[in-house]
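Undergrad: Dumping the structure here so I can ask a few things about it.
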Amino acid sequence: MQIENFKIFADLVETKSFSKSAKLNGITQSAVSQQARAMERHFKTLLIDRSQKQFQLTREGQRVYESANEILHTYEKLLSELQEMKKVISGTIRISTVYSIGLHELPPFIKKFLHDFPSVNVRIEYRRSNLVYEDILHNSVDFGLVAFPVKQRQIEVLPFRNDHLVLITHPQHPLAKRAEIDIRDLSGQKVIGFDPDIPTRKAVDAIFREHNLEIEPVMEFDNIETVKRAVEIDHGVAIVPQATVAQEQKQGTLNVIRFRGKDFTRPLAILHRKGRVLTPAMKKFIETLGVEVPEQVQV
């Protein structure tokens, strides 16, 4: 029985999907099934209850899964400690993040990190916020970066930074002449929003409710880039994170307006799975983001 067998089995249990486990481990779905049966032959007991429509472990399978996690944690801890003893900073860091953070918040940090640690590779996947959490829970990435983080039992949330929410308009829009506006000035305006399930959209909706504004977006999009393009062609105004429009403001394609007497912020956070062993490279990445490395707790 090799460490890879336990890894594939643990991924299968956590994703409850042969295809997802296969993707995580770079093998075929058939190979995952064969690995599971090989483990059952090795332990001489059924691990998966195949009489159920949904994926479900037997009592013995649950015990093997728990032990597999312990074995994997010990193995990863050993590898990390050996790297630290050799003072090695290498490997690959996999990040799952939403577009607004990945395109506009991360680049300067990534540039510095790769300059300081050229032996480390960084891979970034752009995902919807809910899928970032899924990636963390399934161990398919090392870190997730999201806005308005939601606490979950199996996920560690590390506060990263706060961004400010601002109004953007076309340079010739009537509101563009103002240096700042009252949030109530948006009454009657054509507002462009994010899709309803996106955290920043939920925060904006909460702001509207707090100020008794009944505003229904005229257009909805799933990413910041499309929202900005719609405002640039004067289809409406939008409330967006300030960091995402710095370039357009500099170029004069969008006008940025602050809210009078209000500082609407968007908290950003780094996510990683609780109990996950942080390699030296992962610790250095967290430090590069200006965040304190959390103490490692075994689960």
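The values are calculated or read from the model by the stated rules, or taken from the named source; none is laboratory data. Model, not experiment: these values are computed from the prediction. Cβ atoms come from the backbone with ideal geometry, glycine included; neighbour counts cover every protein chain shown.
Undergrad: What's the number of the condition Pro171 fails, among (1) farther than 20 Å from Arg260 by Cβ; (2) in a strand (DSSP E or B)?
TA: Of the numbered conditions (1) farther than 20 Å from Arg260 by Cβ; (2) in a strand (DSSP E or B), the odd one out for Pro171 is (2).
Undergrad: Which residues, taken from the stretch 87-145, are hydroxyl-bearing (Ser, Thr, Tyr) and over 22 Å from Asn162 (Cβ atoms)? First the steps, then the outcome.
TA: So the first thing to find is which residues in the stretch 87-145 are hydroxyl-bearing (Ser, Thr, Tyr), and the list is 90, 92, 96-97, 99-100, 119, 126, 129, 133, 140.
Those that are hydroxyl-bearing (Ser, Thr, Tyr) and over 22 Å from Asn162 (Cβ atoms): Ser90, Thr92, Ser119, Ser140.
Undergrad: Taking Ala10 as the residue in question, decide whether it is in contact with a helix residue (DSSP H, G or I) (Cβ under 6 Å, 6 or more places away or on another chain) and at pLDDT below 90. Break it down stepwise before answering.
TA: Numbers: in contact with a helix residue (DSSP H, G or I) (Cβ under 6 Å, 6 or more places away or on another chain): yes; at pLDDT below 90: yes.
Considered against the rule, which asks whether it is in contact with a helix residue (DSSP H, G or I) (Cβ under 6 Å, 6 or more places away or on another chain) and at pLDDT below 90, Ala10 comes out as yes.
Undergrad: State whether the residues of the stretch 269-287 include one that is surrounded by fewer than 16 Cβ atoms within 10 Å (Cβ to Cβ), of a type outside the set (Lys, Arg) and more than 25 Å from Glu134 (Cβ to Cβ).
TA: Yes; the residues of the stretch 269-287 include at least one that is surrounded by fewer than 16 Cβ atoms within 10 Å (Cβ to Cβ), of a type outside the set (Lys, Arg) and more than 25 Å from Glu134 (Cβ to Cβ).
Undergrad: Same structure again: Being β-branched (Val, Ile, Thr) and in contact (Cβ under 8 Å) with a residue 24 or more places away in the chain is the filter here, so list the residues in the stretch 53-67 that pass it.
TA: Initial filter on the stretch 53-67 (β-branched (Val, Ile, Thr)): 58, 64.
The answer is Val64, and nothing else.
Undergrad: What is the number of the single condition among (1) at pLDDT 95 or above; (2) over 24 Å from Lys262 (Cβ atoms); (3) surrounded by fewer than 18 Cβ atoms within 10 Å (Cβ to Cβ) that Glu134 does not meet?
TA: Unmet condition: (1).
Undergrad: I've got another one for you. Restricting the search to the stretch 111-130, which residues are in contact with a Phe, Trp or Tyr (Cβ under 9 Å, 6 or more places away or on another chain) and in a helix (DSSP H, G or I)?
TA: Phe113, Ser129
Undergrad: Restricting attention to strands (runs of 3 or more DSSP E) lying wholly within the stretch 180-299, give those where 3 or more residues are in the same structural domain as Tyr75 (by TED's automatic domain parsing) and without any contact (Cβ under 8 Å) to a residue 24 or more places away in the chain. Even if it seems obvious, please write down each step before you answer.
TA: Numbers: elements: 192-194, 219-221, 238-241, 255-259, 265-273.
It comes to none.
Undergrad: I'd like the residue in the stretch 87-108 that is assigned to a helix (DSSP H, G or I) and surrounded by fewer than 15 Cβ atoms within 10 Å (Cβ to Cβ) and, out of all such residues, is farthest from the chain's Cα centre (by Cα). Give the steps one after another, and end with the answer.
TA: At the first step, the residues of the stretch 87-108 found to be assigned to a helix (DSSP H, G or I) are 99-104, 107-108.
With the extra rule that they be surrounded by fewer than 15 Cβ atoms within 10 Å (Cβ to Cβ), the set shrinks to 107-108.
Numbers: Pro107: 15, Pro108: 18 Å.
Restricting to residues being assigned to a helix (DSSP H, G or I) and surrounded by fewer than 15 Cβ atoms within 10 Å (Cβ to Cβ), the top hit is Pro108.
Undergrad: What pairs come up if the first residue lies in the stretch 37-51 and is over 16 Å from Ala68 (Cα atoms), the second is surrounded by 15 or more Cβ atoms within 10 Å (Cβ to Cβ), and their beta carbons are under 7 Å apart, counting only those six or more places apart or on different chains?
TA: Pairs that qualify, where the first residue is over 16 Å from Ala68 (Cα atoms) and the partner is surrounded by 15 or more Cβ atoms within 10 Å (Cβ to Cβ), are Asp49/Leu57; Asp49/Thr58.
Undergrad: Looking at Phe109, is it over 21 Å from Lys20 (Cα atoms) and not small (Gly, Ala, Ser)?
TA: On the way: over 21 Å from Lys20 (Cα atoms): yes; not small (Gly, Ala, Ser): yes.
Answer is yes for this residue.
Undergrad: Another one. Among (1) without any contact (Cβ under 8 Å) to a residue 24 or more places away in the chain; (2) touching a His at 6+ places or on another chain (Cβ under 8 Å); (3) not acidic (Asp, Glu), where does Lys86 come up short?
TA: The one condition Lys86 does not meet is (2).
Undergrad: Now for a separate question. Against the definition (in the same structural domain as Ala281 (by TED's automatic domain parsing) and among the β-branched types (Val, Ile, Thr)), how does Ile48 come out, yes or no? Please lay out each step first, then the result.
TA: Working: in the same structural domain as Ala281 (by TED's automatic domain parsing): no; among the β-branched types (Val, Ile, Thr): yes.
No; evaluated as a whole, the condition is false for this residue.
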